[in-house]
1. Considering the dipole of the chain built from charges on the beta carbon (Lys and Arg +1, Asp and Glu -1) around the Cα centre, which of TYR216, VAL82, GLY343 is farthest to its positive end?
2. At a Förster distance of 35 Å, what's the computed FRET efficiency of LYS210 paired with LEU272, Cβ-Cβ distance as r, to 0.05?
3. Once you have the Kirkwood Rh of segment 1-148 from its Cα pairs, apply Stokes-Einstein at 10 °C and 1.306 mPa s and quote D in µm²/s.
4. Run through the DSSP bridge list for the chain and note the antiparallel percent, rounded to the nearest 5.
5. Between GLU264 and ILE161, what is the FRET efficiency for a Förster distance of 25 Å, r being their Cβ-Cβ separation, to the nearest 0.05?
6. Give me the one-decimal nm value for the distance between modelled label points at GLU342 and HIS89, 7 Å along each residue's Cα-to-Cβ direction.
7. Divide, for the chain, the radius of gyration over alpha carbons by 2.2 N^0.38 Å, where N is the residue count.
8. Give me the one-decimal nm value for the distance between modelled label points at GLU16 and ASN47, 7 Å along each residue's Cα-to-Cβ direction.
Amino acid sequence: MPIYNFSAGPAMLPPEVITQIQAELPSLANSGMSILEISHRTKLFENILNTAKADLRALLNISSDYEILFMQGGGTAQFAAVPLNLVTHSKKIAFIDSGYWSMRAIQEAQTLGFTTAILASSQKQNYTNIPKLDISTPLDDYAYLHLTTNSTIEGLSIHAIPNNLKIPLVADMSSNFLAEPYNINDFDLVYAGAQKNLGPAGVSVVIIKKRLLVSYSNITSVMNYHLTAQKNSMFNTPPVFAIYTVGLVLKWLKAQGGVAAIYEKNLKKAQLLYQFIDNSKFYTNNINKKDRSLTNITFTTGSSSLDEKVIQAATAAGCLNLKGHRSFGGLRASLYNAMPLEGVLALIDFLTTFEENNR
Ligand SMILES: *Cc1c(COP(=O)(O)O)cnc(C)c1O
């Protein structure tokens, strides 16, 4: 029986990548050493890192106005690193609040003593839609506007990015990085923890406009963008294995035809599952249709005990990790780039049978 992993993160990686890791693990490029034991101060690793950067640049059409950084501490460390590096002249930070992870970013900035303002929020609608930003709002007092392109827990996405803001736009793209063809030029800074759609846990990617790389001496080194850029993401020991694996995933994505091609597949996968849920009288998804996420699809039977039964039966049928986030409940299927169409079809088959047996 095939097994499909619908986890929201760490999430499934392409099987081809796992196979390649397995084959190369004892000896990387005939070096006699494993990727797990080589020094980052080797030509071998420097090549891996620079190739990963070049492949990412090609996949997202990242111009030379931007620097690519590999950092540690997950998306959560970026909640702190962004304000530490970008807020000057005691300016405030503007946020669009579209769910749990937006709030976590806001709270982290507040913990560090920054002043935050929520310019738009859908909290009152239980995050069933992307809140509208009033474009007439004056933004001069703010250092930047922060948004979350994909709300992993609630299953919402911003598909249309606000532009012409006149202040830097920062995006947490952790859970739909490389899943939709966003234009990097619409942003001044994009960050993403790898373990959702890019690789294993342990590394985050930061894409930052070079003009924002200001030299500050009072920021802890591992969170300092200027220093990280200056040292090609190797001020201290980088997560060697995680960066290597990200490199393999990027090569895999190129072989799939790049972001535009994977986006077509992601659209098809998501449309099939949403269509099934919408046509069913047993399962529901109440997210505003045009704000629905392609990567994290939330749904429920309306009963927590029945949802629990779905999870148990799905596990037995090879559809793993359908449990919604502990803060949100219900069911969630994450359809990241590595999830094949067959996995979605198997899930729909399972859900159909379950409905027939439990209606
Ligand atoms: C998972 C996630 C995070 C947090 O990532 P960590 O690597 O666990 O710190 C932040 N933002 C979004 C949108 C996420 O999905």
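1. Among TYR216, VAL82, GLY343, the one farthest towards the positive end of the dipole of the chain is TYR216.
2. Efficiency, rounded to the nearest 0.05: 0.25.
3. 82 µm²/s
4. 55 percent
5. 0.80
6. Between GLU342 and HIS89, the label points sit 5.8 nm apart.
7. 1.01
8. The two pseudo-label positions are separated by 2.1 nm.
Since every read-out is calculated from the coordinates, none of them should be taken as a lab result. The shown structure was predicted, so the numbers you read here are calculated from the model rather than taken from an experiment. In this analysis, Cβ positions are derived from the backbone assuming ideal geometry, glycine residues included, and neighbour counts consider all displayed protein chains.
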